[in-house]
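Peer 1: Please read through the structure below; I'll follow up with questions.
The values are calculated or read from the model by the stated rules, or taken from the named source; none is laboratory data. Bear in mind that the values here come from a model prediction, so they are computed numbers and not experimental data. Counting neighbours? That spans all protein chains shown, and the Cβs are built from the backbone with ideal geometry, glycine included. SASA here: full protein model, heavy atoms, side chains in, ligands and nucleic acids out. Shrake-Rupley method; radii C 1.70, N 1.55, O 1.52, S 1.80 Å.
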Amino acid sequence: MALEFSWQMPLCSPAPTPGHWIQLAQAVEYAGLDGLWIPGGAPCADSLGVAAALCAHTHHVQLTVSVPAQVMLPAALASTLQSLQSISANRVRLHLPDSEQHSLHKTFGEWLNRDQRNERIGEYLEILQRLLSPEEGGFNYSGRYFQLENAGFTKRALPAPRLILDDSQNTTLIAAHAHQCLLRSATPGWLAQEIRRLGEASGGRLAYACSFGLIQGDNEDQAWDAAARQLAANIQAHSSATPLRRLARNRHPLRQFELHPNLLQLRPGEPLYLVGTAQQIATRLQELHGLGVEHIVIQDQPTVSDVLRFGERILPLLRGQGLRKESL
């Protein structure tokens, strides 16, 4: 399988800038990346509305919309996704994030316990799958959390969006419903173990995605200096408790947080960053692909220049390694 890339849209900033989102989306398409990752949740702009707007300004990139299950009833979400599929020419994918993360369920007014949330999301996924399936006719549904009458009688015969679930969600639900699993940002050793675990549970049919920050430099020193500038606020917060120690052989002091070659993490639970030259980053991406990761989501890079540099410097290296599809 080819290695796929989605660029995460910066929708969670305090001052939304739709004009910038359009420029960034068009740059992603121009640079030859595969998709846009459109995050959702309480601090973000509405992912479904943004996706609808971007349909008019892009032609080829996949649009992955992240929608917490607490935001919409399954029938309403299915109807909206069908509309997006229609106006985008079937370019939509759906990410249902784990509401347990960041207590999203409480933010949106849901106070069920974890077992009840698993039961509810199970019903939610069953209904959504039936409503989006072109083969499924109309039906009634009576569950503990949802009751529907005459559901799906007016739906259109459109391909169902591929479903992405988080690795922190219930393994049985992932194996039964997901096409792809979003793994938490982690080192290759942990990712390999998680892919084996989920592969056994799903019978090997799952695909895997993972998100990383990305910091490039013309040479190795410049890359780590750029990381120090970009992450200055986080570094300062960390070093107030733990002073940075300078490493031997004149290595950059930030490299004490290098968990694996070219993978930086300041604190457990925070995103990992790919840091290095284009060749070093391409080598790490090749390693991740070898573990079974087929989809990389690039996050925390909000500028058009970041996108273009990725397309100009890294994608050709991956194409030379046989990890990219041939351009149409």
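Peer 1: Restricting region 300-328 to residues that are open to solvent by less than 20 Å² (accessible area, probe 1.4 Å) and not aliphatic (A, V, I, L, M), which is modelled with the lowest pLDDT?
Peer 2: By that ranking, first place goes to GLN301.
Peer 1: Find all pairs meeting these conditions: Cβ atoms under 9 angstrom apart; at least six residues apart or on different chains; first residue within region 199-225 and free of Cβ contacts under 8 Å to residues at least 12 places away in the same chain; second residue open to solvent by 10 Å² or more (accessible area, probe 1.4 Å) and part of a strand (DSSP E or B).
Peer 2: Final answer for the pair search is GLN222/GLN216.
Peer 1: With the requirement that a residue be farther than 25 Å from HIS295 by Cβ and surrounded by fewer than 18 Cβ atoms within 10 Å (Cβ to Cβ), what does region 149-190 give you?
Peer 2: Listed by number, the residues that qualify are GLU149, ASN150, PHE153, THR154, ARG156, ALA157.
Peer 1: To continue, here is another question. Does any residue of region 262-284 turn out to be of a type in the set (A, V, I, L, M), open to solvent by 30 Å² or more (accessible area, probe 1.4 Å) and closer than 17 Å to SER6 by Cβ?
Peer 2: no
Peer 1: Now a separate question. Just to verify a result, which residue in region 33-64, among those that are touching a Leu at 6+ places or on another chain (Cβ under 6 Å) and open to solvent by less than 10 Å² (accessible area, probe 1.4 Å), is farthest from GLN147 (Cα to Cα)?
Peer 2: Per the stated criteria, the residue is VAL61.
Peer 1: Right, here's the next one. What is the residue count in region 52-79 for residues that are touching a residue at least 24 places away in the same chain (Cβ under 8 Å), closer than 30 Å to ASN140 by Cα, not polar (S, T, N, Q) and not in a loop (DSSP other than H, G, I, E, B)?
Peer 2: Total satisfying the criteria: 6.
Peer 1: Residues of region 200-220 being over 20 Å from the mean Cα position of the chain (by Cα), of a type outside the set (S, T, N, Q) and open to solvent by 20 Å² or more (accessible area, probe 1.4 Å), which ones?
Peer 2: Passing the criteria: GLU200, ALA201, GLY203, GLY204, ASP218, GLU220.
Peer 1: Is it true that some residue in region 225-239 is touching a Pro at 6+ places or on another chain (Cβ under 9 Å), modelled with pLDDT of 95 or more and either surrounded by 18 or more Cβ atoms within 10 Å (Cβ to Cβ) or closer than 20 Å to PRO302 by Cβ (or both)?
Peer 2: no
Peer 1: Right, another one. Name the single residue that is nearest to ARG324 (Cα to Cα) among those in region 1-32 being in a strand (DSSP E or B) and open to solvent by 10 Å² or more (accessible area, probe 1.4 Å).
Peer 2: Within region 1-32, the match that is nearest to ARG324 (Cα to Cα) is GLU4.
Peer 1: Which residues, taken from region 143-164, are in contact with a helix residue (DSSP H, G or I) (Cβ under 8 Å, 6 or more places away or on another chain), among the small types (Gly, Ala, Ser) and at pLDDT below 90?
Peer 2: ALA151, GLY152
Peer 1: Which of the residues belonging to region 287-310 are in contact (Cβ under 8 Å) with a residue 40 or more places away in the chain and closer than 21 Å to ILE195 by Cα?
Peer 2: GLU287, LEU288, HIS289, LEU291, GLY292, VAL293, GLU294, HIS295, ILE296, VAL297, ILE298
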